[in-house]
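Down below is the structure, laid out as structure tokens.
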Amino acid sequence: MSDISPEARIWNLLRGALATRALAIAADLKVADALAAGPRSVEDIAAELGADADVLHRLMRALASDGVFAEDEPRVFRNTEASDVLRRGDGWGDFAHLFGGVWYRTVGNLDANSADSVFARMFGTDFWNWLAANPDERATFDRAMVQGWERRVERLAGLEWRADEVVVDVGGGNGSLLVELVDRQPGLRGIVFDLPETNRDETALGDRVEFVAGDFFDRVPAGDVYVLSTILHDWDDDRAGTILRTIRTSAPADARLLVIDAVIQPGNEAHGAKWLDLLMLALLGGRERDEAQWRALLGGAGFETVHVQDGLIEARCR
């Protein structure tokens, strides 16, 4: 635990919603891109971006107090290592848009009375149908989901693979994870399985990966290894179990299952998944899980858990 006063700890939590929204506004305006060439006055930035200079100054001043942007002279700002993250195009700017946009509106209505999706109650439809009806938001979501793919690929590529295995990435989005995996493991072939409206470029998949459209509650393609990368935390145990049973029905007896998801650790140590769990609750009625919950979920769907570590659960058909 950091050495801060109890009051400062509470204040940091209280102001968190303001920081989330301020960062989203800066990301949507692409303020960091406007500062790519170096320091500029807030008046110049506001004129270029079509913002109110006084409001933009107040937003950037607040963010700079937490290291996002820096005010080197009065009303003159530059990028920092943190604000540069918004320019990289690897999903963080898209996450800022989602966290400070529709997700922000959703968690504002979170309460302790029900585990049902707050989003569905607010919008009259579930999050996935809402994305299908809002293609720009769907594209933003798909780009955000690419964030962190390098770390996930490293985990997968470090496992043992047979040269002739077919890997099915269930809910695999635009296929970036699977494309990189088969590039590192030249003997593998891959199938990206996701909804037809998934934002993707099938020409980028190469000749050893194909996209197959479908719904993982109904069926999945046959394969040797199934990957679920940050999919199951979107669902409650009943729906997550249905996904797993659908896979088990299609899987051969010796198939493997690789689940890339957080494993919540006991105790009071900081862990992002403990906060992400609340977002999953509000947005989807889903949840993050600890080791015992993962073992129970997998076992109930016909899988034997082989190894559990935070970020990767390995299982096989039972």
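The values are calculated or read from the model by the stated rules, or taken from the named source; none is laboratory data. Being a predicted model, the structure only gives us computed values, none of them experimental. Every residue, glycine among them, receives a Cβ derived from its backbone with ideal geometry; neighbour counts consider all protein chains shown.
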Original post:
Inside the stretch 195-204, can you point out the residues that are under 21 Å from the mean Cα position of the chain (by Cα) and in contact (Cβ under 8 Å) with a residue 24 or more places away in the chain?
Top reply: LEU195, GLU197, THR198, ASN199, ARG200, ASP201
**OP:** Specify the residue that is farthest from THR230 (Cα to Cα); the eligible residues are those in the stretch 116-169 that are of a type outside the set (Val, Ile, Thr) and in contact with a strand residue (DSSP E or B) (Cβ under 6 Å, 6 or more places away or on another chain).
**Re:** GLU165
Original post:
Which of the following residues is out of contact with any Gly (no Cβ under 8 Å at 6 or more places or on another chain), closer than 14 Å to LEU284 by Cα and assigned to a helix (DSSP H, G or I): ARG105, ARG58?
Top reply: ARG105
Subject >> Filter result for GLU180 (at pLDDT below 95, of a type in the set (D, E, K, R) and in contact with a Phe, Trp or Tyr (Cβ under 9 Å, 6 or more places away or on another chain)) >> reply: yes
**OP:** Of the conditions (1) surrounded by fewer than 19 Cβ atoms within 10 Å (Cβ to Cβ); (2) part of a loop (DSSP other than H, G, I, E, B); (3) at negative phi, VAL68 clears all except one; give me its number.
**Re:** (1)
Original post:
What about LEU188, is it in the same structural domain as ARG239 (by TED's automatic domain parsing) and surrounded by 16 or more Cβ atoms within 10 Å (Cβ to Cβ)?
Top reply: yes
**OP:** With respect to ALA36, determine if the residue is free of Cβ contacts under 8 Å to residues at least 60 places away in the same chain and assigned to a loop (DSSP other than H, G, I, E, B).
**Re:** yes
